[in-house]
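Down below is the structure, laid out as structure tokens.
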There are 2 protein chains.
Amino acid sequence: MNAKVPAELAAPVSVPETKAPRGARRKRDTRAKLLGAALHLMAYRGVAGVRINEITEQADVGFGSFYNHFESKEAIYATLIDEVIGHFAVALDKLGEQLNDPAEKIAASTRYTLLRGQADPVWGRFVFQTNFSRDSMSHGLGRYLLQDIGSGVSAGRFTVADLPSVYIAVGSTILGGLAALSDRTLPDHEPDILGDAQGLSVRIAAILLTILGLSTQEAQEIANRPLPQIELPANPFAQV
Amino acid sequence: MNAKVPAELAAPVSVPETKAPRGARRKRDTRAKLLGAALHLMAYRGVAGVRINEITEQADVGFGSFYNHFESKEAIYATLIDEVIGHFAVALDKLGEQLNDPAEKIAASTRYTLLRGQADPVWGRFVFQTNFSRDSMSHGLGRYLLQDIGSGVSAGRFTVADLPSVYIAVGSTILGGLAALSDRTLPDHEPDILGDAQGLSVRIAAILLTILGLSTQEAQEIANRPLPQIELPANPFAQV
């Protein structure tokens, strides 16, 4: 309650000094609650399957306060994509900085994404839901994937006869792995079918590298390298 | 109105002869309308995103009559999966009968599925929606895919180090292609990005064969073979 408020969040001049920080905090809290509720609902039902009153009910805020923060359901969805994907992109960038080989970079990003989906199934389902639309090539994680494939092709590391079909194959395989690893609807996580998450993420990364033209042997060697340690950013909406 | 009714659909003994066939026809019509409406809604929103009253409104039948045909939303969804997938499986079987090589069989089934999704986007979206759940391995088209991969492995035609990850990669790539080809939300179908549907379906089939261990060259040769002609079964709910 008495936590210090950073200067950049301090009250606008016209508002009494003692009340504004609390008002601003409350406004931010409500916004975070709405985003958290929308993330959870849309992760499992997609944007079309969720109504605004369900978001406000799950967030435990009044229906009308939704419109203090977002214009529409599509607006909160767009904000979620920006924040969730943007947040994760920072992690992928950190990972990429530690690796020079485009093949190792794609393998590590894939494994990291799949393990994140297993650790945080709501996140995994949300990313899965958002990324099968074609604008995932311009927004969403598809943009990073296209960049990574492109760098590998330019560097002569990948052999890609036809970029669109390779993009569909690589992207869909990552999303399919994410769906499998973040699917908590079946009892016992079917360990006998999927094996452990670590192992599955390595084997899927190896398949991606063969799609990109590497030999099976080299693909397996690269996919099995130790994953660089990076600070795993917390899902900003996970606790809500 | 005066169409002959086949003997097996004739009236039960206790019902007056002249009325029963019409009653039975009407009941079948209502059922088909409900299935058609549910197919369309669930194709774009998934089962969780659709309410029963939306199905009856779209079908233009009374809310209560839903329960004369189906116990619940899950029941109509299960019926749809059985009928849509069962219907398509007949086509895949006919295709398979004309081909002996497991590699050519998987390439042809994939191309056929993708072209069907492009010709009938509601069908494509529905199949896409249903097949990223893990029970697609026991129900849904995943079962056929697993069989086809298994036959190819037994025959020594495919080299598969790890069946689950290969199944995820192959299945997801088919579904990703289906999503791309049945996505009518963007203007002009982005022909510059995806190329023509025929070409894309061939290139995706070739990638699948390389995932299954064939050389790039052989994969491309097989994926480019003429597609056997089979009777394309109409979507039983398309006209509703």
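The values are calculated or read from the model by the stated rules, or taken from the named source; none is laboratory data. This one's a predicted model, so the numbers in the text were calculated from it and none came from an experiment. Cβ atoms come from the backbone with ideal geometry, glycine included; neighbour counts cover every protein chain shown.
May I ask you to list the residues in the stretch A:74-104 that are of a type in the set (A, V, I, L, M) and not in a helix (DSSP H, G or I)?
A:99
Restricting the stretch A:207-219 to residues that are over 21 Å from the mean Cα position of the chain (by Cα) and closer than 17 Å to residue A:178 by Cβ, which is surrounded by the fewest Cβ atoms within 10 Å (Cβ to Cβ)?
Restricting to residues being over 21 Å from the mean Cα position of the chain (by Cα) and closer than 17 Å to residue A:178 by Cβ, the top hit is A:211.
Can you tell me which residues in the stretch A:74-120 are surrounded by fewer than 21 Cβ atoms within 10 Å (Cβ to Cβ), among the β-branched types (Val, Ile, Thr) and touching a residue at least 60 places away in the same chain (Cβ under 8 Å)?
Hit for the stretch A:74-120 is A:90, nothing else.
Suppose we filter the stretch A:108-129 for residues that are farther than 24 Å from residue A:37 by Cβ and within 13 Å of another protein chain (Cβ to nearest Cβ); how many remain?
Looking only at that region, the number is 3.
Rundown of residues vs (1) more than 12 Å from chain B (Cβ to nearest Cβ); (2) at pLDDT 85 or above; (3) closer than 20 Å to residue A:211 by Cα, yes/no style:
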residue	(1), (2), (3)
A:131	no, no, yes
A:154	yes, yes, yes
A:159	no, yes, yes
A:166	no, yes, yes
A:175	no, yes, yes
A:184	no, no, no
A:190	no, no, no
A:195	no, no, no
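Of everything in the stretch A:31-48, what is more than 13 Å from residue A:59 (Cα to Cα) and charged (D, E, K, R)? Give them in sequence order.
A:45 - this is the single residue of the stretch A:31-48 that is more than 13 Å from residue A:59 (Cα to Cα) and charged (D, E, K, R).
Inside the stretch A:20-64, can you point out the residues that are outside any helix (DSSP H, G or I) and either surrounded by fewer than 20 Cβ atoms within 10 Å (Cβ to Cβ) or touching a Pro at 6+ places or on another chain (Cβ under 7 Å) (or both)?
Hits for the stretch A:20-64 are A:51, A:60, A:61, A:62.
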